[in-house]
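Presented below is the structure to which this report refers.
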Amino acid sequence: MCSSDLRPPLFTLELGPVDGAFGFSTSVDEFEATPIALFSQALDLLHEVPQVESSVLKRLFLGKQKFLKSVHQDFPVPANLKTQMEQDLKKACQPLRDYIRQYDHFIEFMNMDLTEYVRSYEEREASLKEDELEIERLLAEKQKVLDFIPQFITIGMFNIKLESINRSLAAKYDQLIRMIMSLIAEKASAKAKF
């Protein structure tokens, strides 16, 4: 492929946490519906184009304003164009739907109640070595997530920014690690008193 054949993406979206899941800053459904709605509006506006003669020659055309004859949405050409647009938009947006599914396995962690997790961890009464291993495991998971998620990706006509999802997951891991370290500090303090 020649470099002149490469085109920059038309749209930039941000992928991030939305209501307990991950979603785009503009929904995929809007990307499919908006051009179709604009096409329908444009066809409707054609019915409101006035004839020029009545404005220029006011004395000859007395009475009601006349409008140019225009195409209707149910005519074959506009109907076929609209159907083709719908199919093409669905095809163009399908990769977005497929891509967002890659992040489904992070939803459980994003929605996890950290306080409840730390409480159940505390009930296990882990040894200091187990605590250390848990912290290392969480740090490794955090790094794995950060390595997995790029800063941005281009999919078809969309440039997707992933900084928000990156920050959210990293912050959640950091918070969990701090909570477990605080628990370890409390356990150490309690043992030091005895």
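The values are calculated or read from the model by the stated rules, or taken from the named source; none is laboratory data. Source: prediction; values computed, not measured. Ideal geometry is used to build each Cβ from the backbone, glycine not excepted, and the neighbour counts take in all protein chains shown. Quick note on the areas: whole protein, heavy atoms, side chains included, nothing else; ligands and nucleic acids left out. Shrake-Rupley method; radii C 1.70, N 1.55, O 1.52, S 1.80 Å.
Under a 1.4 Å probe, what is the accessible area of the chain per residue, stated in Å²?
Details: 13510 Å² over 194 residues.
The answer is 70 Å² per residue.
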*If you stretched the chain out fully between Q87 and V71, how much longer would it get, using 0.36 nm times the residue separation minus the C-alpha to C-alpha distance?*
3.6 nm
*Prolate/oblate/rounded label for the chain (Cα gyration tensor, a/c 1.5)*: prolate
_For T12, residues with placed amide H under 5 Å, excluding near neighbours_ = N159
_Need one number: % antiparallel among DSSP beta bridges in the chain, to the nearest 5._
70 percent
*Using the Karplus equation 6.51 cos²θ - 1.76 cosθ + 1.60 (θ = phi - 60°), what ³J(HN,Hα) coupling, rounded to whole Hz, does each residue of the stretch 176-192 give in order, writing x for Gly and Pro?*
5, 4, 4, 5, 5, 5, 5, 4, 4, 5, 5, 4, 5, 5, 5, 5, 5
*So how far, in whole Å, is the C-alpha centre of the stretch 12-32 from the one of the stretch 131-194?*
23 Å
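What FRET efficiency would be calculated for the residue pair I36, T115, taking the C-beta separation as r and a Förster radius of 41 Å, to the nearest 0.05? Before the final figure, lay out each step's value.
Numbers: r = 46 Å, r/R0 = 1.12.
Calculated transfer efficiency: 0.35.
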*Give a residue-ordered list of calculated ³J(HN,Hα) values for the stretch 95-108 (Karplus: 6.51 cos²θ - 1.76 cosθ + 1.60, θ = phi - 60°; whole Hz; x for Gly, Pro).*
x, 5, 4, 5, 5, 5, 5, 5, 9, 4, 6, 8, 4, 4
*Return the sequence-ordered ³J(HN,Hα) values of the stretch 78-91 in whole Hz as given by the Karplus equation 6.51 cos²θ - 1.76 cosθ + 1.60 applied to θ = phi - 60°, using x for Gly and Pro.*
x, 5, 5, 4, 5, 4, 5, 4, 4, 5, 5, 5, 4, 5
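Per residue of the chain, what 222 nm ellipticity follows from adding -39500 (n - 2.57) for every DSSP H run with n ≥ 4, rounded to the nearest 500? Write out the running numbers ahead of the final one.
Details: 7 runs with 114 residues, N = 194.
My calculation for the chain gives -19500 deg cm²/dmol from helical runs alone.
In the neighborhood of F24, defined by Cβ-to-Cβ distances under 14 Å, what is the net charge if each Lys or Arg adds +1 and each Asp or Glu adds -1? Walk me through the numbers before you get to the answer.
On the way: positive: R97, R101, K161; negative: E14, D19, D29, E30, E32, D98, E163.
In short, -4.
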*With axes computed from alpha carbons, what is the tilt in degrees of helix 114-123 against the longest principal axis of the chain, rounded to the nearest 10 within 0 to 90?*
20 degrees
*asked:* Going by amide H atoms built from the backbone, whose H comes under 5 Å of the H on F152, apart from near neighbours?
replied: L162
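With a 1.4 Å probe and all protein chains left in place, how much of the accessible area of the chain comes from carbon and sulfur atoms, in whole percent?
58 percent
According to the square roots a ≥ b ≥ c of the eigenvalues of the Cα gyration tensor, what is the shape class of the stretch 108-162, taking rounded for a/c under 1.5, prolate for a/b larger than b/c otherwise, and oblate for the remainder?
Oblate shape, in that a/c is at least 1.5 and b/c is the bigger or equal ratio.
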